[in-house]
Structure formats: structure tokens, C-alpha cells
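K.L.:
Here's a structure for you.
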Amino acid sequence: MRRIISLVLIFFIIALMAGSATEQEAIDNVISYAAAAAAYLEEQGYYIEVPENAGQVFYLEKGQYIKIDGTFYSGTNYVIVASGGSNATDIDIEVYDEKWSLIFDGNTDGIDTDVILTPGYTAEMHVAIKLTATKAGAKGAYVGFLLFYVSKGK
Amino acid sequence: MKKNILLFTGVALLLFLLFTSCDRQEPPPGGNVFIQRLSNPDEALNALIAETNPATWAQYRDTSTAITTQDREKICYHIGVKSANALLSVFLNDYDTAEKISKSIKDAANKLNIKSDSIETVAKELVENLAEKDEKKKQTKVKQTLNTLKDEVVKALNNIGNESEALMIEYGAWIEAIRQTSLIILDNYSPEAASALFRKGEAEYFKANFGSLNLHHPSAGYKSQLEASSKLLELIIPGPDKTISSEAVKTINEIATQVNANVMS
């Protein structure tokens, strides 16, 4: 009987661990990392503007990426933060100009990563958020990002 | 005893399966994700501050607040246009007009029968932000709230499956921002200022969306927007010298003005 109870307990612990690698966890990690980044920037005298629907989370397989295309204007500072669920072990941000020349390579260790874009001129750019590595045995992981604006105070 | 153990194991197994299937969401098939970011109208205006004097921008603004049409898609287009003009008013420190326009946006959302607590919350936030004492903070916060108000209406429409109406709000804000910025650029032309019109990806986004709408629900309106976004797409790509000429800026302005006249009439 004890053996069966132990087995049932082990099942539940495994279930709890498996459940932790969810989309919600990636969302929580992005929000918490973005909040830390925003707090730091506020300390530096920046005002923070977070647009509605500024963040999204997707399931990616290792090596895949979220590509954000858009016009990035001089005179606006853009902050992009990214993070992921616990199956992700390395997430990187790369920024390319309109001709796909690499202009920022945020190759860092770990899942929390960010970039502040302060374009010297207005141009269409491509931002790639890449799931570089996952935990052993995990095919993929949830990866999310949040894009917000900062402007310098007085 | 054996029977009880079997029953207990069975229940535990069922709970386990239920637990894992609820919490461990089956991810969609993996694949690279492509997102076209739509800029807010104030971003182009921010870029033009360095090139021109914002105090002269009042002449490029449409301060009208009335939305008399009963056509839902036209109401949505008006919301986008008015949102861009509310933002331009903030650059002019004309918060009264920005507030009046935002009220007309909220009224228009009511006219669309959208039930959203978020729209009410944002409207309250706007009142609070208009009372902010720090001028720089006030401008930032009010611009953010105006963008959020528009985005909340877009979100509410998408949530009820009215994607074409949500698209019309985005399109109205986009066309009006192009109309405003092209006028500012025309009066203060420089290749650097003209770069505020580099919006190839956004033009492709509208061309693709109106193309799809026109394919599935053919209408003169969608066809007209498809043609306008296709024409704009050709013009808002920098030429071989990486600039947009003043002649092209003039044509861009004529197209945007014509789209406004067609949809808002």
C-alpha cells in the first residue's frame, strides 16, 4: 500500500514539474523581466510608455525565432525585452537593418535578454528573438517578448 | 483490499492524466513567427521634431470631433483618424482638443456596442493623466493613454470577431498619420524629414489584409483601400538615393487626402 501511495505521489510531482513549462510561465517571466528593466530605466530618469498588446508569447522549437518587422523612428527609444519558459535555456535578440545587415547582436547567456534601440535615422528594421538553446530533451519552449517606449525626462 | 488499491490507483491515474492535460498545454506546431509592427502616429511626429518646429503643426490638424455616420466600418475609420489628431494636439500642448477628441472616440466605441471595461478604465486614466503636473510626464502619459484607447477598441473588435472593423481603425490612424506627416514634410522638405514616411512593411500589411478581405467579401470599399495601399507601397520605399523625393511626398499626401475624403464622406 505504501509503495502505491509513493508511486502516486511521484506521479503528481512529475505532473507538477511538467506543468511548470507552460505558456503562462513564459508570460510571467517576460513581465517580471520587463518590470525589472522598466524600474532600472525609471531610476535612470526615463519615462516608460507601454503600449497595449505590446507583448506576445509563442511556442518555438530550438533554433527558431520571432521576427518583428517595422519602421523604427529616430527620436523614439524602443525597448524590447524577451524571456521564456523553463524549457528554454538561452534566448538571444538580433537586430538587422533594412538590408539584413546585422546591427546588434545580443548574444548573451540565459533566457532574459533585452535591447534598447535608439535609431539615429528612421528606417525599417528586423528584430529577431531566437530560441538558441533548450533543456536537454526539450524540443522547444515558449518564448515571449514585450516592446515598449522610453523617453528621457527633464 | 486489492480492490481498494486498484480503485485508488485508477482514480490517481485519472487525476494525473487530467492534471497534466490541463496544465501542460499542447503547444501549437513550432515555426518561425513573423510579426508586422504597426507604428503609432506619434512616432513619426517624434522623428519630425528635429526637422521642423512643432508649434507650426496646428495647420495640419483636423480638430473635428463629430462622427455622424451610421456605417460601422466608417465609424471605425473615423476612430483611427481622430486618434491621430488627438496625438497631434498633444504635440501642440492643446490638451483640451485632445480630451474632446478622445471623448468622441469613446462615444464612437459605444455606438459600436462594444462592451469593454478596459475602455472605461483607459478613459479614467486619461482624465488622471491630463491632471499630471510634470509637463514632460503629462505629454508622455497622455500620448500613451490615447494610443491605448485606440488599441483597446481594436482589441475589443477583434475579440468579437469583427477583424475588418478593427483593421479600419488601424488603417484610419495610419492614413491620417501619413496625411499629417507628408504635409509637414512638404512644407519643410529635406531627405531626412522624408524618411518619416518609410513604411513599406506597413503598406504591405494593409495591402495583404485588404486584398484578403476583397477576395472573400468583394466590395468597392475594400477594392479602393487595396488600390490605395498598393499605390502608397510603391511610393514609400526609398529610391536608389535612399530618399523619398518631394514630388513623391506630394503624391503620397494626395493619396492619403483622397482616401480620407472617400471613406469619411
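Taken together, the values in this text are just the output of simple stated rules run on the coordinates, not laboratory data. Note that the coordinates shown come from a computational prediction; the quantities given were computed from them, not determined experimentally. For neighbour counting, all protein chains shown are included, and Cβ atoms are generated from backbone atoms with ideal geometry for every residue, glycine included.
K.L.:
At a Cα cut-off below 22 Å, give the lysines reachable from B:Lys106, other chains included and same-chain residues fewer than 8 away excluded.
P.N.:
The reachable lysines, counting only those whose Cα sits under 22 Å from B:Lys106, are B:Lys74, B:Lys82, B:Lys115, B:Lys124, B:Lys138, B:Lys141, B:Lys143, B:Lys150, B:Lys155.
K.L.:
Next question, about the same structure. Taking a temperature of 4 °C and a viscosity of 1.567 mPa s, what whole-number D in µm²/s does Stokes-Einstein yield for segment B:100-253 with Rh from Kirkwood over alpha carbon pairs?
P.N.:
D = 74 µm²/s.
K.L.:
Oh, and also: Tell me, what does the Kirkwood hydrodynamic radius of the protein assembly as shown come to in angstroms if you use every pair of distinct C-alpha atoms?
P.N.:
Evaluated on the protein assembly as shown, it is 23.4 Å.
K.L.:
Using DSSP to call loops (not H, G, I, E or B), can you name the trypsin sites (Lys or Arg not before Pro) in segment B:218-265 whose Cβ has at most 14 other Cβ atoms within 10 angstrom?
P.N.:
Working: sites: B:Lys223, B:Lys231, B:Lys242, B:Lys250; in loops: B:Lys242.
Those that pass, being in a loop and sparsely packed, are B:Lys242.
K.L.:
Follow-up. Let me know the charge dipole size of segment A:22-152 about its Cα centre in debye, to the nearest 20, where only the beta-carbon of Lys, Arg (+1) and Asp, Glu (-1) is charged.
P.N.:
With Lys and Arg at +1 and Asp and Glu at -1, about 240 debye.
K.L.:
Can you list which of the trypsin sites (Lys or Arg not before Pro) found in segment B:125-203 are DSSP loop residues with at most 14 other C-beta atoms within 10 Å?
P.N.:
Working: sites: B:Lys133, B:Lys136, B:Lys137, B:Lys138, B:Lys141, B:Lys143, B:Lys150, B:Lys155, B:Arg179, B:Arg199, B:Lys200; in loops: B:Lys133, B:Arg199.
The qualifying sites are B:Lys133.
K.L.:
With angles folded into 0 to 90 degrees, how steeply does helix B:220-235 sit against the dominant principal axis of chain B? Use alpha carbons for both and round to 10.
P.N.:
Compared with the principal axis, the helix lies near 70 degrees.
K.L.:
From other protein chains only, count the Cβ atoms within 10 Å of every residue's Cβ in B:191-203, then give the mean. Mind dumping the intermediate values first?
P.N.:
Values: counts 0, 3, 1, 1, 7, 5, 2, 8, 4, 4, 8, 4, 0.
Rounded to a whole number, the mean comes out at 4.
K.L.:
Another one. Rounded, prolate or oblate: which one fits segment A:22-152, using the alpha carbon gyration tensor with axes a ≥ b ≥ c (rounded when a/c is under 1.5, else prolate when a/b beats b/c, else oblate)?
P.N.:
Values: a/c = 2.10, a/b = 1.35, b/c = 1.55.
Judged from the Cα gyration tensor, segment A:22-152 comes out oblate (a/c at least 1.5, b/c at or above a/b).
K.L.:
Taking the Cα centre of segment B:133-210 as the origin, how large is its charge dipole in debye, to the nearest 20, when only Lys and Arg (+1) and Asp and Glu (-1) carry charge on their Cβ atoms?
P.N.:
Dipole size: approximately 360 debye.
K.L.:
Continuing with this model, one more query. Please give the calculated 222 nm ellipticity per residue for chain B, where each DSSP H segment of at least 4 residues contributes -39500 (n - 2.57) and the sum is spread over every residue; nearest 500 deg cm²/dmol?
P.N.:
-24000 deg cm²/dmol
K.L.:
Shifting gears a bit: Just flag the chymotrypsin sites (Phe, Trp or Tyr not before Pro) in segment A:100-154 sitting in loop per DSSP whose Cβ has no more than 10 other Cβ atoms within 10 Å.
P.N.:
Here the chymotrypsin sites (Phe, Trp or Tyr not before Pro) that fit, given the DSSP loop and packing criteria, are A:Trp100.
K.L.:
B:Asp117 versus B:Leu130, label points 7 Å from Cα toward the beta carbon: distance in nm?
P.N.:
Each label point lies 7 Å from its Cα, and together they span 2.4 nm.
K.L.:
Let me ask another. Placing +1 on the Cβ of each Lys and Arg and -1 on the Cβ of each Asp and Glu in segment A:22-152, which of A:Gly140, A:Tyr78, A:Ser101 has its Cα farthest towards the positive end of the resulting dipole?
P.N.:
Working it through, the farthest residue towards the positive pole turns out to be A:Gly140.
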